[in-house]
2 protein chains.
Amino acid sequence: MTPPYYAVIFTSKQSEDTSGYSEMAEFIENLAKQQPGFLGIDSARSTIGITVSYWKTLEDITNWKQQTDHLQAQQLGRSQWYTFYNVKICKVEREYEFSAT
Amino acid sequence: MTPPYYAVIFTSKQSEDTSGYSEMAEFIENLAKQQPGFLGIDSARSTIGITVSYWKTLEDITNWKQQTDHLQAQQLGRSQWYTFYNVKICKVEREYEFSAT
C-alpha cells in the first residue's frame, strides 16, 4: 500500500465468555472487506489481541464504525467478549518492508 | 496516551529457524523501553506477528531504528528469523477505549 492512508489499531483483552466470538469475528472481517475504502487487515492474538485495519480515508473509517451490523457486534463486544479494548486512529506516513529471497 | 503521538506497526512472518529469537525479542523490548520518547508497546503472534510500539516523536523512532544493538537485531532478523516483515510509521490522531466495570 502507498502512504498516506489510514490505520485503525484495535487492541483488546477477551473475557472468559468467548461463545460466538470466532463466528462473529469472521463475519465482521468479511464484512469489513466489502466496505468502501477498505485496504487490508492484520490480526494476531496472544495475551492480548491486535487487529489493524487499513483504509483510504478517515471518512471510510467513520462509515465502517457506524455500519449497522458492525454496531451490533461492537455492542456484543462490550457486553460479552471484551473486558477491555482500545482503538487508535492513525495516519500511515511511511512504509517499508523486507522479503527473504 | 494522549494524541498526537507516533506508532510503529511491525508485522512479520517467522522462518522455521527461531533459535535465539525469544531471548532477542525480550532483550530488544527491554532496550526499547529505555529509549527517549518510548511510550508503550503491544505484541501478539498467531499466523503473523504484530508488534506496535508508541513514541513521542518521529525523531525518537529514527533514533531507535539506528540504535546499535537494535541494528544488529534487525540484521539477524533478516538473515535468520523472518521471511517477511513490514514497517509502517504512523501518526496517532485519535484514541478511545472501553473498560468493563
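The values are calculated or read from the model by the stated rules, or taken from the named source; none is laboratory data. Note that the structure is predicted; figures quoted are calculated from it, not measured. All Cβ positions, even for glycine, are placed from backbone atoms using ideal geometry, and neighbour counts span all protein chains on display. Heads up: the accessible areas ignore ligands, DNA and RNA and are worked out on the full protein's heavy atoms, side chains in. Shrake-Rupley method; radii C 1.70, N 1.55, O 1.52, S 1.80 Å.
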Ratio for chain A, C-alpha Rg to 2.2 N^0.38 Å, reads 1.13
Under 20 Å by backbone N from the virtual spin label 7 Å along Cα-to-Cβ at B:L31, the residues of region B:37-56 are B:37-44, B:50-56
Label points for A:G37 built 7 Å along Cα→Cβ; distances to same position in the other copies, nm, shortest first, come to 2.8
Rounded to the nearest Å, the spacing of the alpha-carbon centers of region A:51-87 and region B:25-57 is 24
On the accessible surface of region B:50-96, probed at 1.4 Å with all protein chains in place, carbon and sulfur together account for a percent value of 49
Spelling it out for B:T83: with amide H atoms placed in the peptide plane at 1.01 Å from N, the residues 5 or more places away or on another chain with amide H under 5 Å from its amide H are B:K13, B:Q14, B:S15
GluC sites (Glu not before Pro) in region B:59-101 lying in a DSSP loop, each with at most 14 other Cβ atoms within 10 Å of its Cβ, come to none
Over chain A, the sum of -39500 (n - 2.57) across DSSP H runs of at least four, divided by residue number and rounded to 500 deg cm²/dmol, gives at 222 nm -8500 deg cm²/dmol
Total charge of the residues flanking A:L31 in space, meaning their Cβ is under 15 Å from its Cβ, with Lys and Arg +1 and Asp and Glu -1, is -3
So, in nm and shortest first, the distances from A:R94 to its counterparts in the other copies, with label points 7 Å along Cα→Cβ, work out as 2.7
Set A:K33/A:K88; A:K13/B:K88; B:K65/B:K91, cut-off 21 Å on Cα-Cα distance; pairs above it are A:K13/B:K88
Whole-Hz Karplus couplings 3J(HN,Hα) for region B:67-83, θ = phi - 60° and coefficients 6.51, -1.76, 1.60, Gly and Pro as x, run 4, 4, 5, 5, 4, 5, 5, 4, 4, 5, x, 6, 7, 10, 8, 10, 8
Copies of A:M24 compared via label points 7 Å along Cα→Cβ give distances in nm, shortest first, of 3.9
